[in-house]
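One structure is given below, encoded as structure tokens.
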Amino acid sequence: MTIQWFPGHMNATRKAIAERMKSTDVVIELLDARLPGSSANPALAGMTAAKPRLKILNKQDLADPARTTEWLAHYAAQASTGAIALDASQTPPAQRQAIIDACHRLAPGRGGLAKPMRVLICGIPNVGKSTLINTLSLKRQAKAADEAGVTKQEQRILLADDFYLYDTPGMLWPKIIVPESGYRLAISGAVGRNAYDDVEVALELLAYLKGQYTEALRARYGLAADTAQSALCTRNDEDILEAIGRKRGALISGGRIDLQKAAEALITDFRGGVIGRITLETVKQFSQWLVDGQRAEAELRRQRADALAQRKGRSGGRRGA
């Protein structure tokens with residue numbers, strides 16, 4: 001399954017971001033700390049290349065702390081880029097000051113009423129941007145919900161007398177060329193429900209968890225508690241999903257397992273952090289997926305170009321005859 005989701009309003013958002021960029025001092029990209037590479041929008045890279053960038057890893061309280069540290073170092077090592085991590089446990093004043101300070105480090109020439117800081121905040125759908133903005137501004141200024149595509153238009157928020165924050169709707173990119181990223185975006189809720197199959201996405205999540213977070217998976221669902229770790233790792237993913245469905249009471253007539261309900265339960269548990277603090281990709285893993293995705297995309301373009309050339313050749317031959 002290839003996961004793609006790019007509603008019409010996202011194209012308008014891309015155009016609005018390009019226009020706003022002309023008067024922006026710092027660009028904040030809010031990332032999901034559980035999938036920092038997959039939740040980074042490649043379409044923003046070219047649009048923001050000339051601007052200082054702040055990567056905020058949101059929901060760090062749900063992510064693997066060691067992997068969060070690794071990702072922060074990865075982004076901080078990039079030119080004109082800062083990186084911080086935030087979560088709901090931090091007080092609003094602390095979050096607000098961390099963001100203001102980080103932006104001033106990236107654009108030290110801005111500040112004061114004569115040259116107020118103008119910051120654009122971007123992010124994929126359902127990354128927690130609206131919730132963060134409401135927290136920072138100490139009042140409800142942005143709509144927030146646990147689903148993709150809630151914010152529909154740009155909003156301006158005053159964080160300080162000389163600090164303006166411009167919020168934009170969540171935006172994905174027209175084509176997701178990294179299949180692993182497509183699954184992770186679905187797992188996190190960044191794409192609409194009509195863009196993926198819950199069971200297939202849950203099986204992808206299980207395949208990663210049983211290899212990378214075996215004990216967390218075992219502890220949450222009481223799986224194979226009396227066997228070696230390798231036993232769970234070699235079990236069929238669908239068998240594990242059925243076991244989870246049995247534990248969660250996802251049963252239908254005849255004692256059969258409702259895989260759809262089991263899949264929904266697993267995905268909901270992940271999103272709520274009840275399985276544990278989990279990050280679905282390391283820097284090394286994502287880098288390899290990206291290389292593979294770019295290679296596959298280049299091959300696909302080559303095949304299409306060859307097919308087009310062949311069609312033109314056949315068409316030219318018929319006309320010549």
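The values are calculated or read from the model by the stated rules, or taken from the named source; none is laboratory data. This is a predicted model, so every value here is computed, not measured. Note that each Cβ is placed from the backbone with ideal geometry, even for glycine, and that neighbours are counted across all protein chains shown. For accessibility, only protein heavy atoms count, side chains too; no ligands or nucleic acids. Shrake-Rupley method; radii C 1.70, N 1.55, O 1.52, S 1.80 Å.
Evaluation of residue 65 against the conditions (1) surrounded by fewer than 15 Cβ atoms within 10 Å (Cβ to Cβ); (2) at pLDDT below 95 shows that the sole unmet condition is (2). Evaluated against (1) within 26 Å of the chain's Cα centre (by Cα); (2) free of Cβ contacts under 8 Å to residues at least 60 places away in the same chain, residue 267 falls short on exactly one condition, (2). Checking each residue in segment 282-298 for being without any contact (Cβ under 8 Å) to a residue 40 or more places away in the chain and open to solvent by 60 Å² or more (accessible area, probe 1.4 Å) picks out 284, 288, 291, 295. Of all residues in segment 122-141, those that are open to solvent by 10 Å² or more (accessible area, probe 1.4 Å) and part of a loop (DSSP other than H, G, I, E, B) total 6. Being open to solvent by 40 Å² or more (accessible area, probe 1.4 Å) and without any contact (Cβ under 8 Å) to a residue 40 or more places away in the chain is the filter; apply it to segment 73-87 and report the residue that is farthest from residue 106 (Cα to Cα). Filtering first and then ranking leaves 73. Filtered by the rule that a residue be at pLDDT below 95 and open to solvent by less than 60 Å² (accessible area, probe 1.4 Å), segment 91-103 gives 92, 94, 95, 96, 98, 99, 100.
Inside segment 32-43, residues that are crowded, with 23+ Cβ neighbours inside 10 Å and of a type in the set (A, V, I, L, M, F, W, C) make up a count of 2. The requirement of being among the charged types (D, E, K, R) and open to solvent by less than 60 Å² (accessible area, probe 1.4 Å) is fulfilled somewhere in segment 272-281, by at least one residue. Quick check on segment 199-209. Is at least one of its residues among the β-branched types (Val, Ile, Thr) and part of a loop (DSSP other than H, G, I, E, B)? No, segment 199-209 contains no residue that is among the β-branched types (Val, Ile, Thr) and part of a loop (DSSP other than H, G, I, E, B). One residue stands out among those in segment 213-241 that are open to solvent by 60 Å² or more (accessible area, probe 1.4 Å) and at pLDDT 90 or above: the one that is farthest from the chain's Cα centre (by Cα), which is 239.
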